[in-house]
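What follows is a single structure, written as structure tokens, with notes after it.
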Amino acid sequence: MAAKFELKTAKNGDFHFNLLATNGQVILQSEMYKAKASAINGIESIKKNAGNEANFERLTSSNGKPYFTLKAANHQIIGQSQLYESETSRDNGIASVIKNGPVAEIVDLTS
């Protein structure tokens, strides 16, 4: 399976997306967007910014689990990872976004 962005509609009508790795695992999720066009712009921003490791921020949650965010050139967060069990797993997640983010296809599941 190729990496892909899944664009979805939430129960409240907002739009969001996930970036799935080639194994089907979610490696990055978006915020909620009121407009579908805004969510698509978010995907395009990830495609543009994911190839640069400097755009990733490595963080630790309040319960001690590592995770990361991806930021655009304006330093706004455009995606966040799941919580990982180790820093190595988190870093592997970043490597997967760097590899897959710029080339992943968009699958529109909103209809």
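Okay, residues lined up against (1) aliphatic (A, V, I, L, M); (2) under 13 Å from residue 29 (Cα atoms); (3) free of Cβ contacts under 8 Å to residues at least 24 places away in the same chain; (4) part of a helix (DSSP H, G or I):
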{"site": "59", "(1), (2), (3), (4)": "yes, no, yes, no"}
{"site": "62", "(1), (2), (3), (4)": "no, no, yes, no"}
{"site": "69", "(1), (2), (3), (4)": "no, yes, yes, no"}
{"site": "75", "(1), (2), (3), (4)": "no, no, yes, no"}
{"site": "79", "(1), (2), (3), (4)": "no, yes, no, no"}
{"site": "85", "(1), (2), (3), (4)": "no, no, yes, no"}
{"site": "92", "(1), (2), (3), (4)": "no, no, yes, yes"}
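Please specify each residue of segment 48-72 satisfying the condition of being in contact with a Pro (Cβ under 7 Å, 6 or more places away or on another chain) and crowded, with 17+ Cβ neighbours inside 10 Å. Of everything in segment 48-72, just one residue is in contact with a Pro (Cβ under 7 Å, 6 or more places away or on another chain) and crowded, with 17+ Cβ neighbours inside 10 Å, namely 50. Checked against (1) small (Gly, Ala, Ser); (2) assigned to a loop (DSSP other than H, G, I, E, B); (3) in contact with a Phe, Trp or Tyr (Cβ under 6 Å, 6 or more places away or on another chain), residue 39 passes all but a single condition, namely (2). Residue 98 meets the conditions (1) surrounded by fewer than 16 Cβ atoms within 10 Å (Cβ to Cβ); (2) in contact with an Asp or Glu (Cβ under 7 Å, 6 or more places away or on another chain); (3) in a helix (DSSP H, G or I) in every case but one. The failed one is (1).
Taking segment 16-41 as the range and being surrounded by 21 or more Cβ atoms within 10 Å (Cβ to Cβ) and more than 20 Å from residue 2 (Cα to Cα) as the test, only 39 passes.
One line per residue, one yes/no per condition, for (1) assigned to a strand (DSSP E or B); (2) free of Cβ contacts under 8 Å to residues at least 12 places away in the same chain:
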residue: 7; (1), (2): yes, no
residue: 13; (1), (2): no, yes
residue: 18; (1), (2): yes, no
residue: 24; (1), (2): no, no
residue: 28; (1), (2): yes, no
residue: 31; (1), (2): no, no
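Checking the stated criteria, residue 95 turns out not to satisfy the condition of being at pLDDT below 95 and either within 12 Å of the chain's Cα centre (by Cα) or closer than 21 Å to residue 3 by Cα (or both).
The values are calculated or read from the model by the stated rules, or taken from the named source; none is laboratory data. Source: prediction; values computed, not measured. When we count neighbours, we look across all protein chains shown, and the Cβ atoms used for this are built from the backbone with ideal geometry, even at glycine.
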